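Notes for the one structure printed next.
The values are calculated or read from the model by the stated rules, or taken from the named source; none is laboratory data. Just so we're clear, the structure is a prediction, and the values are computed from it rather than from any experiment. Cβ sites come from the backbone with ideal geometry, for glycine too, and all protein chains shown count toward neighbours. Quick note on the areas: whole protein, heavy atoms, side chains included, nothing else; ligands and nucleic acids left out. Shrake-Rupley method; radii C 1.70, N 1.55, O 1.52, S 1.80 Å.
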Amino acid sequence: MATTKDYGLGEFTFPRGWFMIGESAKITSTPQGVRFFGQDFALYRGKQSGKVYLLDAYCPHMGTHLAKNSTSYVAQDGAVEGDSIRCPYHAWRFGPDGKCNHIPYSKGPIPPQARVKSWRVEERMGAVFVWHDPEGLEPDYEVPTIPVQGQPNWVPLAFDDLGIVGCHTQEIVDNITDVAHFGPVHGSLTKYFENEFQGHVATQRMGGGHRTLTTADGPLLETEAVYTGPSVLITKMFGTHNSYIYIAHTPVDDGSAYVWHGLMVESPTGQANYSEQDVEIARQYQAMALAAFAQDFEVWKHKKPCLKGLFVQGDGAFLKQRAWYKQFYNPRAQREELLKNVEGVWLANGMPGMPEQQAA
Ligand code: FES
Ligand SMILES: [Fe+2]
């Protein structure tokens, strides 16, 4: 398994950005142990506010995992009280800010070191996101969301939980510049293709036929895939149905990632408010989109790391994209320097860019 260091990405092992850490519907007041960025966390929903909290997992008292317990009477009685969580070992209680606010058997003062880190989380579109920043700074962009989110004629996002893939996130991000895989892997007939990098955003614009998502004589499948930050990819796909594909990948350890897939579909029957029938059609369409994504996934699962790559003419802007990705693994102060010669529109040799008349 190759690491961030092997790819030469920068000084941080894990990137800066907003990362999906779970589906809202699966996060309850029963704490869960989760692992991302090579660290363990306790994830739970406060009973009082209904908000989701993410705390470092290990209790400062004697190192117990706050969430990985089901047999202690603390866990059996419900470890979450209000918005606080009790450790299953000696029942110290930690607030949503991570500070210990109750030690049931001790009359003495609560030491200031009795605290765990509480992470900044946001809930959007039925998913929970954490801000991860090795420099400990405030977010410099918003949680990426689908622009039509919440509109009544769009069937809401439903997630496919794809679990952990054992490859470095670089291999997943490579996909945005990989013009040459569309034919062999997905059966596409790519007619135009281009990439654009601007600040923390990377875009891929593509048009062509697609064997699994449209029919041979069906409409041209046109996609605009946008990474806002290093981890959330939202693809506008106008073909058989108007839809947005959502793919989020979050580093688990250095060389593995957790992946979610989802789809929002505009009412296929043209309703102002989507119907049950629309949901059914949308879910079938999602299964087809997932099958297309699974084609990529199977390659990632079994490939060996591409640390350099033997890139040839026609391969797409891999080196620009890998340079763009480095901004998230280095201090913000270096971003301008890192993005020099990277920003702009890049074509793959031998493939036209997006036709003028279609450019916005
Ligand atoms: S180890 Fe957590 S309260 Fe003792
Ligand atoms: Fe692909």
Considering each of 334, 327, 321 in turn, give the residue that is in a helix (DSSP H, G or I), under 27 Å from residue 169 (Cα atoms), within 16 Å of ligand 2 (Cβ to nearest atom) and at pLDDT 95 or above.
321
Take residue 289 and decide whether it is surrounded by 20 or more Cβ atoms within 10 Å (Cβ to Cβ), over 15 Å from the mean Cα position of the chain (by Cα), assigned to a helix (DSSP H, G or I) and of a type in the set (Gly, Ala, Ser).
yes
Conditions first: (1) crowded, with 20+ Cβ neighbours inside 10 Å; (2) farther than 16 Å from residue 43 by Cβ; (3) more than 9 Å from ligand 1 (Cβ to nearest atom). Residue 92 passes all but one, so which condition is the exception?
(3)
Which count do you get for residues in region 160-180 that are at pLDDT 95 or above, hydrophobic (A, V, I, L, M, F, W, C) and open to solvent by 40 Å² or more (accessible area, probe 1.4 Å)?
2
Given (1) within 10 Å of ligand 1 (Cβ to nearest atom); (2) within 29 Å of residue 258 (Cα to Cα), number of the condition residue 136 does not satisfy
(1)
Can you find a residue in region 193-206 that is touching a residue at least 12 places away in the same chain (Cβ under 8 Å), crowded, with 19+ Cβ neighbours inside 10 Å, under 22 Å from residue 144 (Cα atoms) and among the aliphatic types (A, V, I, L, M)?
yes
Looking at 41, 12, 19 in this structure, which one is open to solvent by less than 40 Å² (accessible area, probe 1.4 Å), closer than 30 Å to residue 318 by Cβ, assigned to a strand (DSSP E or B) and more than 16 Å from ligand 2 (Cβ to nearest atom)?
19
Within region 181-197, the count of residues that are within 11 Å of ligand 2 (Cβ to nearest atom) and within 24 Å of the chain's Cα centre (by Cα) comes to 4
Pairs only if they're at least six apart or on different chains, beta carbon under 9 angstrom, first in region 292-307 and closer than 13 Å to residue 163 by Cβ, second assigned to a helix (DSSP H, G or I) and within 8 Å of ligand 2 (Cβ to nearest atom); list them, first residue then second.
300/175
Collect the residues in region 70-89 that are open to solvent by 60 Å² or more (accessible area, probe 1.4 Å) and within 11 Å of ligand 1 (Cβ to nearest atom), keeping them in residue-number order.
89
Within region 74-124, restricting to residues that are among the small types (Gly, Ala, Ser) and either more than 33 Å from the chain's Cα centre (by Cα) or under 23 Å from residue 137 (Cα atoms) (or both), the one that is nearest to ligand 2 (Cβ to nearest atom) is 118
